[in-house]
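Note sheet for the following structure.
The values are calculated or read from the model by the stated rules, or taken from the named source; none is laboratory data. Keep in mind the model is a prediction, meaning the values are calculated, not measured. All Cβ positions, glycine included, derive from the backbone under ideal geometry; neighbour counts span all protein chains shown.
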């Protein structure tokens, strides 16, 4: 068991960020009751969780280096950093897409 709690929390937040974004997309696509506007909160939540995951993975990596590897968690922090970066970039892409959609919607009125 890893003593580096920041690495574990980084992984949890990275998976949560990815899960929120995927759930928002799936709900908007396949649900008849949830539209694009109802799934909109998934983007900022995913953005915040992705950013938090990146910060925690950096803290975990620092803790690993500071303890000369005794705290463990380097592999978990690396996986969390990869998943968190993907979720963060996915959230930024979603925010840009929603921004373009909003501009086009208001311009067509």
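A few notes on this one:
- For region 29-37, the condition holds for no residue, the condition being that it is farther than 13 Å from residue 86 by Cα, in contact with a helix residue (DSSP H, G or I) (Cβ under 8 Å, 6 or more places away or on another chain) and not in a loop (DSSP other than H, G, I, E, B).
- For region 41-71, the tally of residues that are farther than 15 Å from residue 83 by Cβ and loosely packed, with under 15 Cβ neighbours inside 10 Å stands at 9.
- Note on region 1-28: residues that are in a loop (DSSP other than H, G, I, E, B) and either at pLDDT 90 or above or crowded, with 18+ Cβ neighbours inside 10 Å (or both) amount to 1.
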